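I have placed the structure first, in the form of structure tokens, so that the comments after it can refer back to it.
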Amino acid sequence: MEAARGDSGPHIAELIATHVIDVPGFPQDGIVFKDLSPLFADGPAFREVTDAVVDHYGGAFDVVAGIEARGFLLAAAVAYSTGVGVVPVRKAGKLPRQTHSASYALEYGTATLEVQADAFVAGHRVLVIDDVLATGGTAEATLSLVERAGGTLAGFTVLLELEFLGARHRLADRPVHALLTV
Ligand code: AMP
């Protein structure tokens, strides 16, 4: 069997590969859902993955943004570990006060993400985190939101990237960091 691949090396890639469960047909036919619950539930593994993200950036960010909902988990851990704040990027209608929003196409219909207009200090370097990178639509919308809200992108980290969907190509001018690429 081929060694697991990822931007933080084969050991971290393997750690994620051994803590993900493929769920065919969820949430709909034709999708293989990557369930990373076993990774989040395993204290030492979750800590090791959090540390790998922190090491990758070497302190070169001022705040972390997590994408609803599973992105919140790793984003909060990285923020706590480095002593910076965490900002939620949420689905439409969840955030009070003034927001910026970005809509993007899904396989069926559209989705909208929002961030509070005053979430970022102008020029602060924002590390954006999600669990899975699939088509890249969510990432593209979020990265543009961060910039519209005054942040500067420090990087975009995911635990798992589905390479066959081509998100790296779509995000070609963005600094993508995937801990496991399948
Ligand atoms: P996309 O916009 O197509 O890149 O989809 C990424 C978002 O949808 C992330 O927030 C993921 O949590 C979720 N997602 C998409 N596909 C999957 C999948 N196969 N398994 C788990 N989550 C997924």
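The values are calculated or read from the model by the stated rules, or taken from the named source; none is laboratory data. Bear in mind that the values here come from a model prediction, so they are computed numbers and not experimental data. Cβ: placed from backbone, ideal geometry, glycine included. Neighbour counts: every protein chain shown.
Some observations on this one:
- Residue in segment 104-114 that is at pLDDT below 95 and at positive phi present: yes
- Selection of first residues in segment 127-150 that are free of Cβ contacts under 8 Å to residues at least 24 places away in the same chain and of second residues that are more than 8 Å from the ligand (Cβ to nearest atom), restricted to Cβ pairs under 9 Å at least 6 apart or on distinct chains, gives the following pairs, ordered by first then second residue: E147/V126; E147/L153.
- Near pairs, Cβ below 7 angstrom, 6+ apart or cross-chain, from segment 65-79 (within 17 Å of L145 (Cα to Cα)) to any residue that is among the aliphatic types (A, V, I, L, M) and near the ligand (Cβ under 8 Å from one of its atoms): none
- Here segment 26-46 is the region considered, the condition is being more than 16 Å from the ligand (Cβ to nearest atom) and in contact (Cβ under 8 Å) with a residue 24 or more places away in the chain, and the residue that is surrounded by the most Cβ atoms within 10 Å (Cβ to Cβ) is F46.
- Residue count for segment 70-99 under the criterion of being small (G, A, S) and in contact with a Pro (Cβ under 7 Å, 6 or more places away or on another chain): the result is 0.
- Any chance G71 is surrounded by fewer than 13 Cβ atoms within 10 Å (Cβ to Cβ) and not in a strand (DSSP E or B): no
- Within segment 131-157, being closer than 21 Å to G58 by Cβ and either within 8 Å of the ligand (Cβ to nearest atom) or assigned to a helix (DSSP H, G or I) (or both) holds for L143, V146.
- Of all the numbered requirements in (1) loosely packed, with under 15 Cβ neighbours inside 10 Å; (2) farther than 18 Å from L165 by Cα; (3) among the hydrophobic types (A, V, I, L, M, F, W, C); (4) in contact (Cβ under 8 Å) with a residue 12 or more places away in the chain, V23 misses one, and that requirement is (2).
- Residue check, E114 surrounded by fewer than 16 Cβ atoms within 10 Å (Cβ to Cβ), without any contact (Cβ under 8 Å) to a residue 40 or more places away in the chain and more than 9 Å from the ligand (Cβ to nearest atom): no
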